[in-house]
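**Student:** I'd like to ask some things about the structure below.
FYI, it's all coordinate maths here, none of it is from the lab. The shown structure was predicted, so the numbers you read here are calculated from the model rather than taken from an experiment. Cβ placement follows ideal geometry from the backbone for every residue including glycine, while neighbour counts extend to all protein chains displayed.
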Amino acid sequence: MSNKIKKNIIKNLHSVYDPEIPVDIYELGLIYDLKVNSKGFVNIIMTLTSPNCPVAEILPEQVKQSAKKAEGVKDVNLKLVFEPPWTPDMMSEGAKVELDMG
């Protein structure tokens, strides 16, 4: 069940974008860790493209709300970290192609 919930969360995260980059946050590699337990409690560790990101106040909340919308989710705990710092190497191959970096 937790794998199905995790897949639904990831699907939802594909609709969350950093407004400065035309690639969703999951493909950008901003989600460092995503765990779902058997009771539907979710732990997400994420970062931003930079600590001074202009959407630092709203993007984590958008991620949390997006995850909460997935069927079977009871609650979401989100931790914002800056170590290790995000680099373009963390993007998926598809994101790199989309941004002409691949």
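**Student:** Enumerate the residues in segment 68-102 having an amide nitrogen under 17 Å from the point lying 7 Å beyond the Cα of residue 39 toward its Cβ.
**Tutor:** Answer for segment 68-102: 72-78.
**Student:** Along the principal axes of its C-alpha atoms, what lengths does segment 2-85 span, in descending order and rounded to whole Å?
**Tutor:** 35, 24, 18
**Student:** Counting only DSSP beta bridges with both residues in the chain, what percent are antiparallel, rounded to the nearest 5?
**Tutor:** Among the beta bridges of the chain, antiparallel pairing accounts for roughly 50 percent.
**Student:** Then there is this: Between 70, 12, 88, whose Cα lies farthest towards the positive end of the dipole of segment 9-102 when Lys and Arg beta carbons carry +1 and Asp and Glu beta carbons carry -1, centred on the Cα centre?
**Tutor:** Value computed over the given set: 70.
**Student:** Run down the lysines and flag those whose C-alpha is under 21 Å from the C-alpha of residue 35, throwing out any fewer than 8 positions away in its chain.
**Tutor:** 4, 6, 7, 11, 64, 68, 69, 74, 79
**Student:** At most 12 other C-beta atoms within 10 Å and a DSSP loop state: those are the exposed GluC sites (Glu not before Pro) I care about. Give me the longest piece of the chain that has none.
**Tutor:** With a cap of 12 other Cβ atoms within 10 Å, the longest stretch comes to 21-56.
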